[in-house]
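What follows is a set of notes on a single structure, which appears directly below.
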Amino acid sequence: MASTAFPKLARKAILSDGTTYGYIHVLATGSKPTFLLLHGAPSSSYIWHHQVELLPKAGFGILVPDLLGYGDTDKPESYEPYQMKCLVPQVHELVTKVLDTPKVIGVGHDFGAGLLSHLYVHHKELFSQLVFIATGFMFLDSPFDPDSVIQMSKEILGYSTSGYVKVFISPDGATLVEKNDRRVDSLFYAQDPKVWIEYFGEPGGFTKFLESDIEIPVAHWISPAELEMHNRILRAGGYTGPFNWYKAAVFCGPAKEDQDLPAEEKTINIPTLFIATLKDYAVITDMHIQNLRGLAKDLRVEKLDVGHWAMLEGKERVEALLEEVGNAQIREL
């Protein structure tokens, strides 16, 4: 959570609907832009800790919220509040409440990329540029069916990417993970990303892992102290909130107004960077690239030879790319 990892930078805001959001905020210097960093699931604002340190050192502003269900932000027990139609106005209000800048550079990872997609479609005036990491533009305008995604990934890649979703949306999914959280950490941050195919993507594989005593070596690019902080934050808040993001997508589906939007409203008319993660066995990378090429008029694709957590494993390259994006905006002013 923001106050645990960054006590000097952490803030809280109470929104008009009564929801409390925790966040990190550092002002930009001079004419440099501000980055809005949106984490995925299950994670927290701490996943951006390298960028929280490095972007301000380069003069850029940052706004990094703990999203609903995480860290210092409220954690509704039911999944209905985690629908995009609820999250978008909350994050939009937070941004406009905290910042006096007219535009931000939006950066989204994993489910944060989905939230960024919906924020852009409904509030285009808020963004000057977009950056998607690992997961591309995801605007939910049709029901999310895990079985269809499992089947599609098998047809395209030869293996499933999404079997874990079945556990995440199950009634006892959060409890199962909380009881095995230390071992789950080793799977999330595995040294060999290919273990995700068997234990994360394959239907039944995650349950098999949870019910076993399998030990997986942790990646060298995450220190014991970092791993402890990730676990401490998620342990404090529990997994009900994080998994509610998946439940809302599966059980609630898209909002009617999103289903009814014309195609032209879902095109991207500002510079967009996609940081593709080539060793990410939870996404269909080529599909995300193809989708973005059909939607973004000014698209740059950078392929990193890393797994899902690019901001950790590829921190130097990610930081360099973000600084390039920010400096390019300054030159255009």
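Among residues belonging to segment 281-303 that are outside any loop (DSSP other than H, G, I, E, B) and among the acidic types (Asp, Glu), point out the one that is surrounded by the most Cβ atoms within 10 Å (Cβ to Cβ). I'd like the intermediate steps shown before the answer.
In the first step, residues of segment 281-303 are kept if they are outside any loop (DSSP other than H, G, I, E, B); the result is 285-296, 299-303.
From what is left, the residues that are among the acidic types (Asp, Glu) are 286, 302.
Values: 286: 11, 302: 17.
Of everything passing the filter in segment 281-303, 302 is surrounded by the most Cβ atoms within 10 Å (Cβ to Cβ).
I'd like to verify a number: residues in segment 167-200 that are among the basic types (Lys, Arg), within 26 Å of residue 79 (Cα to Cα) and in contact (Cβ under 8 Å) with a residue 40 or more places away in the chain, how many?
Of the residues in segment 167-200, 1 are among the basic types (Lys, Arg), within 26 Å of residue 79 (Cα to Cα) and in contact (Cβ under 8 Å) with a residue 40 or more places away in the chain.
Testing residue 243 on (1) more than 16 Å from the chain's Cα centre (by Cα); (2) part of a helix (DSSP H, G or I), one condition comes back false. Which one is that?
The single condition residue 243 does not satisfy is (1).
Go through (1) charged (D, E, K, R); (2) at pLDDT 95 or above; (3) more than 21 Å from residue 87 (Cα to Cα) for residue 232 and report which single condition fails.
That leaves (2) as the condition not met.
Given (1) within 20 Å of the chain's Cα centre (by Cα); (2) farther than 19 Å from residue 85 by Cβ; (3) among the aromatic types (Phe, Trp, Tyr), identify the lone condition not met by residue 209.
With respect to (1) within 20 Å of the chain's Cα centre (by Cα); (2) farther than 19 Å from residue 85 by Cβ; (3) among the aromatic types (Phe, Trp, Tyr), residue 209 is out only on (1).
Could you please let me know if residue 98 is farther than 22 Å from residue 285 by Cβ and either touching a residue at least 60 places away in the same chain (Cβ under 8 Å) or aromatic (Phe, Trp, Tyr) (or both)?
On the way: farther than 22 Å from residue 285 by Cβ: yes; either touching a residue at least 60 places away in the same chain (Cβ under 8 Å) or aromatic (Phe, Trp, Tyr) (or both): yes.
Yes; evaluated as a whole, the condition is true for this residue.
Only one of 318, 306 is surrounded by 17 or more Cβ atoms within 10 Å (Cβ to Cβ), at pLDDT 95 or above and part of a helix (DSSP H, G or I); which?
318
Quick one: would you say residue 148 is within 25 Å of residue 290 (Cα to Cα), of a type in the set (Ser, Thr, Tyr) and in a strand (DSSP E or B)?
No: the conditions fail for residue 148.
Taking the residues in segment 73-115 that are outside any helix (DSSP H, G or I) and polar (S, T, N, Q) as candidates, determine which candidate is surrounded by the most Cβ atoms within 10 Å (Cβ to Cβ).
Filtering first and then ranking leaves 73.
Give me the pairs: first residue in segment 1-23 and in a helix (DSSP H, G or I), second residue of a type in the set (D, E, K, R), beta-carbon distance under 7 Å, and six or more apart or on different chains, which are they?
That search, which allows pairs on different chains as well, returns 2/66; 2/72; 3/72; 4/232.
Residues are listed down the side, and each one gets a yes or a no for (1) at pLDDT 95 or above; (2) in a helix (DSSP H, G or I):
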| residue | (1), (2) |
| --- | --- |
| 25 | yes, no |
| 31 | no, no |
| 37 | yes, no |
| 41 | no, no |
| 49 | yes, yes |
| 69 | yes, no |
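Mind checking whether some residue in segment 236-252 is buried (at least 23 other Cβ atoms within 10 Å of the Cβ), β-branched (Val, Ile, Thr) and under 21 Å from residue 4 (Cβ atoms)?
Looking for residues that are buried (at least 23 other Cβ atoms within 10 Å of the Cβ), β-branched (Val, Ile, Thr) and under 21 Å from residue 4 (Cβ atoms), one finds none in segment 236-252, hence no.
Could you look through segment 150-164, keep only residues that are in contact (Cβ under 8 Å) with a residue 12 or more places away in the chain and surrounded by fewer than 17 Cβ atoms within 10 Å (Cβ to Cβ), and pick out the one that is nearest to residue 255 (Cα to Cα)? Before you say what the answer is, go through the steps one by one.
So in segment 150-164, the residues in contact (Cβ under 8 Å) with a residue 12 or more places away in the chain come out as 150, 152-153, 156-157, 159-164.
Now narrow it down to the ones that are surrounded by fewer than 17 Cβ atoms within 10 Å (Cβ to Cβ): 152, 156, 159.
On the way: 152: 24, 156: 29, 159: 31 Å.
Checked segment 150-164; the qualifying residue nearest to residue 255 (Cα to Cα) is 152.
Can you tell me how many residues in segment 194-215 are over 14 Å from residue 173 (Cβ atoms), of a type in the set (A, V, I, L, M, F, W, C) and in a helix (DSSP H, G or I)?
3
If residue 34 passes every condition in (1) closer than 22 Å to residue 102 by Cα; (2) over 19 Å from the mean Cα position of the chain (by Cα) but one, which one does it miss?
(2)
Hey, could you check segment 46-72 for residues that are aromatic (Phe, Trp, Tyr) and closer than 22 Å to residue 103 by Cα and say which is surrounded by the most Cβ atoms within 10 Å (Cβ to Cβ)?
Pass one, segment 46-72, residues aromatic (Phe, Trp, Tyr): 46, 48, 60, 70.
Okay, now just the ones that are also closer than 22 Å to residue 103 by Cα, so 48, 60.
On the way: 48: 27, 60: 25.
Within segment 46-72, the match that is surrounded by the most Cβ atoms within 10 Å (Cβ to Cβ) is 48.
What pairs come out if I take residues in segment 129-140 that are under 17 Å from residue 84 (Cα atoms) and touching a residue at least 24 places away in the same chain (Cβ under 8 Å) and pair them with residues that are of a type in the set (Asp, Glu) and in a loop (DSSP other than H, G, I, E, B) whose C-beta lies under 7 Å away, six or more apart or interchain?
As it stands, the answer is 135/110, since those pairs meet every condition given.
Considering segment 179-197 alone, what residues qualify as being surrounded by fewer than 19 Cβ atoms within 10 Å (Cβ to Cβ), under 20 Å from residue 246 (Cα atoms) and at pLDDT 95 or above?
The one that is surrounded by fewer than 19 Cβ atoms within 10 Å (Cβ to Cβ), under 20 Å from residue 246 (Cα atoms) and at pLDDT 95 or above: 197.
Among the residues of segment 125-149 satisfying the criterion of being surrounded by fewer than 23 Cβ atoms within 10 Å (Cβ to Cβ) and touching an Asp or Glu at 6+ places or on another chain (Cβ under 8 Å), which is nearest to residue 204 (Cα to Cα)?
Only one residue fits best here, namely 140.
Any residue at all in segment 68-87 that is under 24 Å from residue 139 (Cα atoms), in contact with a Lys or Arg (Cβ under 8 Å, 6 or more places away or on another chain) and of a type in the set (Gly, Ala, Ser)?
yes
The values are calculated or read from the model by the stated rules, or taken from the named source; none is laboratory data. All values derive from a computational prediction rather than experimental measurement. Because the Cβ atoms are built from the backbone with ideal geometry, glycine has one as well, and the counts that use them run over all protein chains shown.
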